[in-house]
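So the structure is just underneath, and the comments pick up after that.
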Amino acid sequence: MPAPVPAPAPADVTVDVRLTPTDLRAALRRDARVGLTATPKWMPPVWFYDDRGCALYDQITRLPEYYPFRTEQLLLEEVAEQVVKVAGSEVLVELGSGTSEKTRLLLGAMDRVVGVRGYVAFDVAEATLRSAATAVSQDFGIAVHAIVGDFHEHMAAVPDGGRPRMVAFLGSTIGNLDRDQRRGFLAELQSLLGEDDRFLLATDLVKPVDRLVAAYDDAAGVTGEFNRNLLHVLNRELDADFVPDEFEHVARWNPEGSCIEMRLRSRQPATVALPVLDLAVEFEAGEEMRTEISTKFTPEQVGRELDEAGMAVVDTWTDPAGDYLLTLARPVRGGG
Ligand code: SAH
Ligand code: TRP
């Protein structure tokens with residue numbers, strides 16, 4: 001008789017759904033109506049991340065050209081214990097947690113240094129979030145509180161556990177927000193931090209343009225598929241009739257915004273029907289729609305934006321090549 005397979009430890013997971021599939025569809029309708037009737041056309045990046053989009057992002061993280069994921073992971077392997085010692089946090093909160101892969105490095109370090117009391121994972125992608133929360137709870141034997149929400153709208157859903165928290169925002173996801181969105185996001189985050197809470201921010205740094213462009217326009221074309229996934233989402237959710245292969249992936253450096261801009265360029269003139277919105281959208285040959293920015297920072301710029309939001313830098317860490325930055329910050333109250 002084969003030995004019985006040991007049952008996995010029971011998962012201790014609570015899920016707080018602030019965005020139901022119905023809410024998401026309503027928000028997508030709103031964004032598509034605004035973005036596809038604007039000149040130039042644009043769409044917010046949050047719509048990349050359905051199940052297929054999350055799987056494509058996961059593939060991107062393993063591409064040779066996409067240095068940010070690997071660099072952040074190596075850096076965290078190196079410094080997670082220092083970060084946790086300086087922060088002294090017992091609870092980890094993570095915004096845009098995805099598969100929580102790099103999070104494990106922080107949780108492991110917390111476990112060794114202070115003892116980890118809990119993990120709050122916040123993401124818009126419900127299925128990815130649920131499976132990550134279950135796996136982390138089982139592997140670390142901790143309670144995981146998962147929040148399905150939009151961090152532009154539902155940040156107040158993050159519970160105050162009465163213990164010092166570290167709020168982590170990894171993956172340089174902050175770079176996908178424009179300057180105004182970053183201002184709003186950081187100010188709201190600051191208002192949620194107690195005196196002993198800390199904010200850990202990961203940012204990709206400015207570097208030669210050819211490396212930046214290659215990271216967002218890989219030879220295997222995975223990033224192009226990820227970009228075009230937006231069109232698949234619009235087709236499925238809004239009954240639109242985009243022909244994704246008629247749209248070319250474009251990644252271009254914008255020096256004014258210090259960001260890579262991702263666009264979809266219509267190869268031919270096209271009329272796209274969005275019957276759910278009672279809308280027909282015209283594309284000229286060569287017309288581009290902006291789908292994403294990925295801002296590249298200097299350490300000074302990160303410090304400035306945190307300062308403007310009422311936070312002070314406690315410590316920073318970079319990889320040996322100076323490609324990537326981790327910043328630990330604390331809230332500053334009453335002007336000092
Ligand atoms: N933190 C992971 C994943 C980064 S990809 C890493 O470092 O690799 C960005 C993640 O943020 C995705 O999981 C996506 O679903 C989530 N996300 C994007 N926009 C969001 C929003 N507005 N609100 C909440 N989550 C969002
Ligand atoms: N936060 C990641 C970044 O800006 C997200 C990302 C990676 C991404 N590759 C992408 C977004 C390609 C759009 C397209 O690097």
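Relative to the longest principal axis of the Cα atoms of the chain, the long axis of helix 299-308 lies at roughly 80 degrees.
Just order 64-74, 124-134, 19-29 by mean Cβ neighbour count inside 10 Å, highest at the front, would you?
Numbers: 64-74: 18.0, 124-134: 20.4, 19-29: 14.3.
Highest mean packing first, the order is 124-134, 64-74, 19-29.
Its Cα gyration tensor gives segment 231-336 an equivalent ellipsoid; the semi-axes, largest first and in whole Å, are 41, 18, 12.
Given C-alpha coordinates of segment 119-172, what is the ratio Rg to Rh with the Kirkwood estimate of Rh?
Working: Rg = 11.4 Å, Rh = 12.0 Å.
Here Rg/Rh amounts to 0.95.
Here Trp47 sits with roughly 30 square angstrom of accessible surface, probe radius 1.4 Å.
If packing is taken as the average number of other Cβ atoms within 10 Å across a peptide's residues, how do 191-198, 205-212 rank, most packed first?
Details: 191-198: 16.1, 205-212: 14.0.
Descending mean neighbour count gives 191-198, 205-212.
Here the spin labels are modelled as points 7 Å beyond Cα on the Cα-Cβ line, and at Ala220 and Asp160 they lie 4.6 nm apart.
Please give the charge dipole size of segment 234-336, origin at the Cα centre, charges +1 on K and R Cβ atoms and -1 on D and E Cβ atoms. Round to the nearest 20 debye.
460 debye
Based on Cα contacts under 8 Å between residues 6+ apart, segment 145-204 shows a relative contact order of 49 percent. Taking the square roots of five times each eigenvalue of the Cα gyration tensor of segment 58-213, the equivalent ellipsoid has semi-axes of 23, 19, 16 Å, listed largest first.
Roughly how many whole Å is it from the C-alpha centroid of segment 260-334 to that of segment 1-78? That distance is 16 Å.
Let me know the volume per residue of the alpha-carbon convex hull for segment 36-83, in Å³.
Values: hull volume 6.3 nm³, N = 48.
Measuring per residue, one finds 131 Å³ for the Cα hull of segment 36-83.
Computed from Cα positions, the angle between helix 103-113 and the longest principal axis of the chain comes to roughly 10 degrees.
Ordering Ala157, Leu279, Ala127 by the projection of their Cα atoms onto the charge dipole of the chain, which places +1 on the Cβ of Lys and Arg and -1 on the Cβ of Asp and Glu, puts Ala157 at the extreme positive end.
Percent antiparallel among DSSP beta bridges with both residues in the chain, to the nearest 5? Given both bridge residues lie in the chain, the antiparallel proportion sits at roughly 55 percent.
Taking the square roots of 5 times each eigenvalue of the Cα gyration tensor of segment 30-113, largest first, gives ellipsoid semi-axes of 33, 16, 11 Å.
Label sites at Lys207 and Ala285, each approximated as a point 7 angstrom past Cα along Cα to Cβ, lie 3.9 nm apart. For the chain, the longest principal axis of the alpha carbon atoms and the long axis of helix 21-36 meet at an angle near 50°.
Tell me the relative contact order for segment 80-164 as a rounded percent, counting alpha carbon contacts under 8 Å between residues six or more apart. Walk me through the intermediate numbers first.
Working: 132 pairs, mean separation 27.6, N = 85.
Relative contact order, segment 80-164: 32 percent.
Surface composition of the chain: carbon and sulfur atoms hold 51% of the protein heavy-atom accessible area at a 1.4 Å probe.
The values are calculated or read from the model by the stated rules, or taken from the named source; none is laboratory data. What you see is a predicted model, and the numbers here were worked out from it, not measured in a lab. Neighbour counts run over all protein chains shown; Cβ positions are idealised from the backbone, glycine included. Note: accessible area is taken over every heavy atom of the protein model, side chains too, but ligands, DNA and RNA are not part of it. Shrake-Rupley method; radii C 1.70, N 1.55, O 1.52, S 1.80 Å.
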